Amino acid sequence: MDHQEHPNATLAREGFEAFRRGDREWLDAHMADDVVWHVGGNSKWKGAYRGRDEALGIFSRQAQAMGQPPEVDVHDVLANDDHVVTLGTARATGPDGSSAEWKYVQVFHVKDGKVTEAWGMAENDAEVDPFLDNLPG
């Protein structure tokens, strides 16, 4: 049997690949103008970033603070017509050599091929938050 992946699952996989490459144009084209990007946890980076510029801005600021974007390994993608859930592992290293690794769940609300809202959760905020708080910026 030939299994075709749901288009929103493909969108998420392509989005993670674009993030890895630092392809801001792809990300820009696949986010709604009024996207809301929620960063979980309790670090200085937590919060709701409203609009494409704020959402892309948090990606850029974190990558700049780390010196590079975090490594993201996608384990699975679950999708339907409205939502995508990704499961994976992320790893990041700070400019001082400190590092953190965490399993994550990322939930996306998708409409017309664009992310309209996203929520990210890590399994171990108590370990990840201090790493993020120690990053410059």
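Just a few scattered comments:
- Conditions (1) open to solvent by 90 Å² or more (accessible area, probe 1.4 Å); (2) under 19 Å from PHE131 (Cβ atoms): number failed by GLY40: (1)
- Residue within the range 1-12 that is outside any loop (DSSP other than H, G, I, E, B), touching a Gly at 6+ places or on another chain (Cβ under 7 Å), open to solvent by 60 Å² or more (accessible area, probe 1.4 Å) and in contact (Cβ under 8 Å) with a residue 24 or more places away in the chain present: no
- One residue from ARG20, ARG24, ARG61, ARG13 being at pLDDT 95 or above and not aliphatic (A, V, I, L, M): ARG13
- Hey, GLU25 closer than 23 Å to MET66 by Cβ, free of Cβ contacts under 8 Å to residues at least 12 places away in the same chain and either under 15 Å from the mean Cα position of the chain (by Cα) or open to solvent by less than 30 Å² (accessible area, probe 1.4 Å) (or both) or not: no
- Selection within the range 92-105 - open to solvent by 30 Å² or more (accessible area, probe 1.4 Å), in contact (Cβ under 8 Å) with a residue 12 or more places away in the chain and over 17 Å from ALA126 (Cβ atoms): THR93, PRO95, ASP96
- Among the conditions (1) buried (at least 19 other Cβ atoms within 10 Å of the Cβ); (2) outside any helix (DSSP H, G or I), the only one that LEU132 does not satisfy is (2).
- When residues in the range 74-95 are screened for being closer than 15 Å to ASN8 by Cα and either outside any strand (DSSP E or B) or of a type in the set (A, V, I, L, M, F, W, C) (or both), 10 of them pass.
- Entry remark, the range 56-86: residues being in contact with a strand residue (DSSP E or B) (Cβ under 7 Å, 6 or more places away or on another chain) and either open to solvent by 30 Å² or more (accessible area, probe 1.4 Å) or touching a residue at least 60 places away in the same chain (Cβ under 8 Å) (or both) number 14 in total.
The values are calculated or read from the model by the stated rules, or taken from the named source; none is laboratory data. Keep in mind the model is a prediction, meaning the values are calculated, not measured. Cβ sites come from the backbone with ideal geometry, for glycine too, and all protein chains shown count toward neighbours. Side chains are part of the model used for accessible areas, which takes the heavy atoms of the whole protein and leaves out ligands, DNA and RNA. Shrake-Rupley method; radii C 1.70, N 1.55, O 1.52, S 1.80 Å.
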